[in-house]
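Comments concern the structure below.
The values are calculated or read from the model by the stated rules, or taken from the named source; none is laboratory data. Here the structure is a predicted model, which means the values were calculated and not measured. Please note: Cβ atoms are built from the backbone with ideal geometry, for glycine as well, and neighbour counts cover all protein chains shown. Just so you know, the surface numbers come from the protein's heavy atoms only, side chains and all, with ligands and any DNA or RNA stripped out. Shrake-Rupley method; radii C 1.70, N 1.55, O 1.52, S 1.80 Å.
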Amino acid sequence: CYELLQTFATLHNNALSTMITLERKFPCFTYLIYDFFTTLNDRIQDPTKYGFKESNIACCGTGTNRGSGCGRTSTYELCSDPNEYVYFDGGHTTEHCNSQLGELLWNE
């Protein structure tokens, strides 16, 4: 939804691997480059492949795609099963999505 920000994230991710020099300076330093942007975007683009039913509407909130107001107004909507959604509210992924992303991170 924010094309400019997505462009910056892609540029950042592409440049990050060439910018890390700490490993050369500190031999015991260990790092992992994890492409959160792509793995989350995969779930947004093809939610059923990852066990979700909805990636464009949040589980909780009001307004367009339930993207705001979760718990802050008396009129927000709440889904019956957050595990079916990629996003819990307009800015946070669900526990189910976070669990998948965490598994990928720790298994790399």
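Structure notes:
- Dipole magnitude of the chain about its Cα centre (Cβ charges: Lys, Arg +1; Asp, Glu -1), debye to nearest 20: 300 debye
- Å² per residue, accessible surface of the chain at 1.4 Å: 73 Å²
- Net charge over other residues, Cβ less than 12 angstrom from the Cβ of ALA58 (K, R count +1; D, E count -1): -3
- Over the chain, the hull volume per residue, using the convex hull of the C-alpha atoms, is 128 Å³.
- Positive-end extreme of charge dipole, the chain - chosen from GLY67, PHE36, ILE20 (charges on Cβ): ILE20
- Evaluated with a Cβ-only charge set (Lys, Arg +1; Asp, Glu -1), the range 42-90 carries a dipole of roughly 80 debye about its Cα centre, given to the nearest 20.
- Percent carbon-and-sulfur accessible area, the chain, ignoring ligands, DNA and RNA, probe 1.4 Å: 55 percent
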